[in-house]
Amino acid sequence: MIIDTHQHVNWLNHDAAWLVAEMDQHHIDVTWLLTWLLIPDEDDPGYHVGTNPVHARADGTHAAMPLADVLDARDRWPLRFIAGYCPSPAQPNAPELFEAAYYIHGVRVCGE
């Protein structure tokens, strides 16, 4: 079994279906899909290119690759994707957020 341990969905205009096709082409069985969260204070407009425009904030910042996108892809291809989540360490409740994601959404990986 080949496992890709670091991948993002909706990055550089590549959606989950594109990722599955790439996995098939390269004989990858399972991929860890990871979040990449930009809190407003850490926003960098250079990262807005190629991310899901749905997550643009009213103040011009961007959330990057939130848990909702990872869960959507995992739910559509549950045998291909393992959900990963890493709340920003700048958030004082980051451990509690990860624990909630584990219990509520079945997240199994913490990383970025």
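Can you tell me which residue among Ala64, Ala101, Ala83, Ala73 is crowded, with 16+ Cβ neighbours inside 10 Å, of a type in the set (A, V, I, L, M) and at positive phi? Steps first, please.
Numbers: Ala101 fails: at positive phi; Ala83 fails: at positive phi; Ala73 fails: at positive phi.
Unique residue meeting the criteria: Ala64.
Table: residues versus (1) closer than 16 Å to Leu37 by Cα; (2) in contact with a helix residue (DSSP H, G or I) (Cβ under 8 Å, 6 or more places away or on another chain); (3) at pLDDT below 95.
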residue	(1), (2), (3)
Gly50	yes, no, yes
Val70	yes, no, no
Arg74	no, no, no
Trp77	no, yes, no
Phe81	no, yes, no
Cys86	yes, yes, yes
Gln91	yes, yes, yes
Pro95	yes, no, no
Tyr103	no, no, no
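Which condition number does Met65 fail, the rest of (1) over 15 Å from Trp36 (Cβ atoms); (2) at pLDDT below 95 being met?
(1)
Filter segment 1-20 for residues that are crowded, with 17+ Cβ neighbours inside 10 Å and of a type in the set (S, T, N, Q); which is nearest to Arg76 (Cα to Cα)?
First, the residues of segment 1-20 that are crowded, with 17+ Cβ neighbours inside 10 Å: 4, 7-11, 16, 19-20.
Of the ones still in play, those that are also of a type in the set (S, T, N, Q) are 7, 10.
Values: Gln7: 16, Asn10: 14 Å.
By that ranking, first place goes to Asn10.
Looking at segment 42-61, which of its residues are buried (at least 17 other Cβ atoms within 10 Å of the Cβ), without any contact (Cβ under 8 Å) to a residue 40 or more places away in the chain and among the hydroxyl-bearing types (Ser, Thr, Tyr)? Please lay out each step first, then the result.
From segment 42-61, those buried (at least 17 other Cβ atoms within 10 Å of the Cβ) are 43, 51-52, 55, 61; that's our starting set.
From what's left, without any contact (Cβ under 8 Å) to a residue 40 or more places away in the chain: 43, 55, 61.
Correct list: Thr61 only.
The values are calculated or read from the model by the stated rules, or taken from the named source; none is laboratory data. Just so you know, these numbers come straight off a predicted model, no measurement behind them. Please note: Cβ atoms are built from the backbone with ideal geometry, for glycine as well, and neighbour counts cover all protein chains shown.
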